Each structure stands twice: as C-alpha cells, then as structure tokens.
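> Can you read through this structure? Questions will come right after.
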Amino acid sequence: MPGMDRAHHLAALRRDADGLGSALGNIPLDTPVPSCAGWTAADLLFHVGQVHEFWTSIVTGQRSSPDGYE
C-alpha cells in the first residue's frame, strides 16, 4: 500500500495483541465476555486473532484486498 508505514502498523498490531494477551492471560478460557453476549474469552481471542491475521496479511503485502478471505 503506497504511503503506509508498515513497521508502524505491525508494531500497533503487536502492541494490541500483547495487551489483549495480558488482559486475558490469567483467566479461564470459558469465562463469559459480558460485552459480547454468548461469547467466552476463547471466542474473543479467536475472533481478534483472525482480525489481526487478516490485517497483518494486508500490511505485509501477502494480500491486497479482503477478497476471498475467510
């Protein structure tokens, strides 16, 4: 992506992932997430992990659009 500071965006993804890991690292994975009805900590971690995986693939140039991403 032209004009994008890849290092900055990758650092932000890492920082956010580390923060979530710290926040959820000491609780059981079956702990309910009050702001996400029906979700557990495991569901939240999986979802955020998928989002970070997608954006990492965009930032690193492995993917140029969301087309075909599942």
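> For the chain, take the longest principal axis of its alpha carbons; what is the angle in degrees between that and the long axis of helix 41-59, to the nearest 10 within 0 to 90?
Helix 41-59 sits at roughly 0 degrees to that axis.
> Given a 1.4 Å probe and every protein chain left where it sits, what share in percent of the accessible area of the chain is carbon and sulfur?
Reported share for carbon and sulfur atoms: 58 percent.
> May I pose another question? Where the only charges are on Cβ atoms (+1 Lys, Arg; -1 Asp, Glu), what is the dipole of the chain about its Cα centre, to the nearest 20 debye?
Dipole about the Cα centre, nearest 20: 220 debye.
> Of all chymotrypsin sites (Phe, Trp or Tyr not before Pro) in region 23-69, which ones are in loop regions per DSSP and have a Cβ with at most 11 other Cβ atoms within 10 Å?
Here the chymotrypsin sites (Phe, Trp or Tyr not before Pro) that fit, given the DSSP loop and packing criteria, are Tyr69.
> Do you know the relative contact order of the chain, to the nearest whole percent, from alpha carbon pairs under 8 angstrom that are 6+ apart?
After rounding, I find 33 percent.
> Taking each pair of different alpha-carbon atoms in the chain once, compute 1/r for the pair, average those values, and report the inverse of that mean as the Kirkwood hydrodynamic radius in Å to one decimal.
Its Kirkwood hydrodynamic radius stands at 13.5 Å.
> Ok, one more. Of the options Asn26, His9, Ala42, report the single residue whose Cα projects farthest towards the positive end of the charge dipole of the chain (beta-carbon charges: Lys, Arg +1; Asp, Glu -1).
Farthest along the dipole direction, towards plus: His9.
> Working from Cα positions, state the angle (0 to 90°, nearest 10) between the long axis of helix 6-24 and the longest principal axis of the chain.
Once rounded, the angle reads 0 degrees.
The values are calculated or read from the model by the stated rules, or taken from the named source; none is laboratory data. Please read these numbers as outputs of a predicted model, since none were measured by experiment. Because the Cβ atoms are built from the backbone with ideal geometry, glycine has one as well, and the counts that use them run over all protein chains shown. Only protein heavy atoms, including side chains, enter the accessible area calculation; ligands, DNA and RNA are left aside. Shrake-Rupley method; radii C 1.70, N 1.55, O 1.52, S 1.80 Å.
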